[in-house]
Amino acid sequence: MPVLSPTWTDERIELLRQHFEAGLSCREIAADIGVSRNAVIGKLSRLNLTRGRTIDDRKVHDRGLAAARAPRTVPRLQYEMLATIYRETGAPMVSGPIDDANRCSLLELAENRCRWPISTPGADDFCFCGNSAPDGQSYCAGHSRLAYRPNSRARVMRG
């Protein structure tokens, strides 16, 4: 059986230290020494060689990343579609109880029927609402009110 040479010889460790002190990246050090990047990272860790970033530097860096991110947007397409439908037809949004006479199973669920689940999937009484849903919508008017609610700030702004 052939004798394997150790990965980290004294010469490689010395090269690692020199490159590290020169400010080379782990990838650059690995390419020059002839080992993997992970091997370089592991050896630097075992030698307690770290690039000193102070806590203040990290905070400034993290704040910079947070400010550079775009604000998170919430999709409003469904809500806007419903608002358009109800404004154009003049049909008032139903605020009473939702009719439960049309409940159906998954096999009975058609394209224009409300897909709002009733009960818990797998339960004996599990079914779908089954009421009539406007074209292109997944839910009837009553369940759309529950599913597509604007955030609280928008509700307050509208009054």
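The values are calculated or read from the model by the stated rules, or taken from the named source; none is laboratory data. Predicted model, so just to flag it, every value in this text is computed and none were measured. Glycine gets a Cβ as well: all are built from the backbone with ideal geometry, and neighbour counts include every protein chain shown. We work out accessible area using only protein heavy atoms, side chains counted, and drop any ligands, DNA or RNA first. Shrake-Rupley method; radii C 1.70, N 1.55, O 1.52, S 1.80 Å.
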Worksheet item: Using beta carbons and a limit of 7 Å, which pairs, at least six apart or on different chains, have the first residue in region 17-44 and more than 21 Å from Ser5 (Cβ to Cβ) and open to solvent by less than 60 Å² (accessible area, probe 1.4 Å) and the second one of a type in the set (Val, Ile, Thr) and modelled with pLDDT of 90 or more?
Response: Phe20/Ile29; Cys26/Val40; Cys26/Ile41
Worksheet item: Which residue, of Gly130, Gly122, Gly96, is at positive phi and either surrounded by fewer than 16 Cβ atoms within 10 Å (Cβ to Cβ) or at pLDDT below 85 (or both)?
Response: Gly122
